[in-house]
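Data first, discussion second: the structure below is written as structure tokens.
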Amino acid sequence: MIQSHIDHRNRNMSKRFILYACCIALGITSTAASIAQTGSGIILFGNVRDSALSYNLDGGKARQLDRYYLDIPAQKTQISQVIITYRDNYDGEIDPNSIDLRFKDTNLPLESTSWDKENRRIEIITKEPIPAGRSLKLVMSNVRNPFYSGLYQFDARVMGPAELPILRYIGSWVIGFD
């Protein structure tokens with residue numbers, strides 16, 4: 001009788017433990033899914049010197065219109081161009097007329113914005129060089145997210161004014177879509 005009671009109690013404890021473990025796993029999974037909407041992600045391609053850049057999305061759902069907020073860290077030199085490249089697995093649509101470059105929530109004047117779909121390249125040219133030491137936010141509106149959910153890597157490079165026309169890699173955004 002006592003052994004039967006102990007076995008029954010152990011089974012109940014095992015069930016509670018399994019339920020508790022499942023709740024923890026679900027919480028971790030939910031947290032990982034929410035991180036895909038904002039944050040810096042992880043670098044899947046490249047080498048150790050690659051650095052993850054922060055971002056935010058308005059939606060983050062595949063096949064929907066969205067707005068991307070891509071953080072560009074302060075640079076040690078002036079910036080006159082921002083160039084974004086991405087892998088061929090990204091099949092989203094970019095609206096080059098809906099791209100802004102912001103400093104402290106103020107849009108900076110741009111000379112031009114372009115999207116070269118065949119070469120998977122987005123180019124933003126400023127009217128005036130942006131002084132060194134300013135953190136920027138690249139805002140892309142009217143973006144049609146890719147057809148499939150998953151992680152997509154965008155690489156950021158900047159170029160200085162004519163006196164310093166060196167294209168420099170500054171990091172990558174690994175953006176996740178549900």
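Observations, loosely collected:
- Annotation: the range 39-177 has a Kirkwood hydrodynamic radius of 15.1 angstrom, from the mean reciprocal C-alpha pair distance.
- Residues listed by number, the range 163-178, amide nitrogen under 12 Å from Lys61 label point at 7 Å toward C-beta: 178
- In summary, the lysines within cross-link reach of Lys127, defined as a Cα separation below 27 angstrom excluding same-chain residues under 8 places away, comprise Lys76, Lys104, Lys117, Lys137.
- Potential extension, Leu110-Asp88 segment - 0.36 nm per residue separation minus Cα distance: 5.2 nm
- Model label zone, Lys76; criterion: amide N under 14 Å from point 7 Å along Cα-to-beta-carbon; scope the range 127-144: 132-133
Where a number appears in this text, it was derived from the coordinates with a stated rule and is not lab data. Just so it is clear, the model here is predicted, and its values are computed rather than measured. When we count neighbours, we look across all protein chains shown, and the Cβ atoms used for this are built from the backbone with ideal geometry, even at glycine.
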